[in-house]
Each structure stands twice: as structure tokens, then as C-alpha cells.
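Below is one structure; the comments refer to it alone.
The values are calculated or read from the model by the stated rules, or taken from the named source; none is laboratory data. Keep in mind it's a predicted model, so treat the numbers as computed, not measured. When we count neighbours, we look across all protein chains shown, and the Cβ atoms used for this are built from the backbone with ideal geometry, even at glycine. Areas reflect the complete protein model, heavy atoms only, side chains present, ligands, DNA and RNA absent. Shrake-Rupley method; radii C 1.70, N 1.55, O 1.52, S 1.80 Å.
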Amino acid sequence: MKHTSPEEMKEPRADRIGLGVGLLVGVPLMLVGVVGILRHPESTPIPNFLRYFVGGDILHDLLVAPIAVAISFLVLRRVPAVGRAPLRAVLFGSAVVIAVAWPGIRRYGHAQVPDNHTVQPLNYATSTLTVVVVVVTIGAIWLAAVLVRGRRGASNVSPGPAVERDA
């Protein structure tokens, strides 16, 4: 285990800065949601919200998280270290896009008003596929840039003088 000196603890670390920004932005947004639910219980009955919230939490813990762990265990450990960050970003970005687009892909809500063609007028399957292709393309460009930068850095490094060791 690495021990941190008092000098190192005084320096702001990137993870602490990210935590601070996340709390600074996230807590007020969560408060807006909580105040909205409490002020307008007729729009969102609290029992319905709690069922949705707890159900989503259980779904995440029992289905989404194990699938993400399995994918990262099976895929990311076979990829060289230089390619892991772009691949993680592509997997995460694609998962978020598909999760957000899922109701449109499944055409939820269309059965409520089948005669209204303005409800989901787009083809969400092809739109989602297009966005996922863009995410994968950005990841490929990122990976190519990392590989090119790595090769340039490796070609600029001189081996240095040979060091003899006493036998």
C-alpha cells in the first residue's frame, strides 16, 4: 500500500477536482428533482417515483452492472494497454446511446396513439446505428492518434550509453 506524504495531500489531485465539480453540479440538480417531486405530487406520485427509482436501482445492480463487468473482463483484458481507454470510451458511449434510444427503438408510446404519425416519426433504429458508428469512428481516430504518438515517442528515444554490470 502506498503511503501519501503530507505534501502530496495538499496538492489538488485530478480525482478530487473531478469529485468537487461533480458535487458542485450534481447536488443542485438532484435538489431540483427532489423539490419538483415534493411540490408536484399530482404529476409524479411519490409511490410511483419510488417504485421506478428502486426498480431502476435493482435492475442496474442485478443486470446492467454484471453485464458491464463481464464485457470489460472479457474484452478489455485482451486489448493492449494503449487501446483500453479508447475502447472503454466506445463501449460506454455506445451503451449510453443505446440506453437513451431504447424507448424509441422499441416504439414505446406508439401504441397509445397509433393514428398520430407525429409520435415517433423517425426511424430510431437507423438513427441509433448512425450515432453508434460515429462513436466508434471517434474511438478509432483516438486509437490511431495514440498509436501514432506512441510510435513517434518511441522513435525519438535514444537507447543511451551501454551500462556494464559486474558479474
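Ignoring ligands, DNA and RNA, how do 124, 52 rank by accessible area with a 1.4 Å probe, largest first?
Result of the area sort, largest leading: 52, 124.
Just how much of residue 141 is accessible, in Å², when a 1.4 Å probe is used and the result is rounded to the nearest 10?
Accessible area, nearest 10 Å²: 110 Å².
What is the local net charge at residue 73, summed over the other residues whose Cβ is closer than 13 Å to its Cβ (Lys, Arg +1; Asp, Glu -1)?
Local net charge: +4.
What does the highest-first list of 60-66, 131-137, 84-90 look like by mean Cβ count within 10 Å?
Output ranking for 60-66, 131-137, 84-90: 84-90, 131-137, 60-66.
Rg over Rh of the range 65-158, using C-alpha atoms and the Kirkwood radius, what does it come to?
1.19
Using protein chains only and a probe of 1.4 angstrom, how many square angstrom of residue 107 are accessible, to the nearest 10?
100
Can you tell me the FRET efficiency between residue 133 and residue 23 if r is taken as the Cβ-Cβ distance and R0 is 41 Å, rounded to the nearest 0.05?
On the way: r = 35 Å, r/R0 = 0.85.
Efficiency, rounded to the nearest 0.05: 0.70.
Ordering 128, 44 from largest to smallest accessible area (1.4 angstrom probe), what's the sequence?
Sorted descending by solvent-accessible area, the residues read 44, 128.
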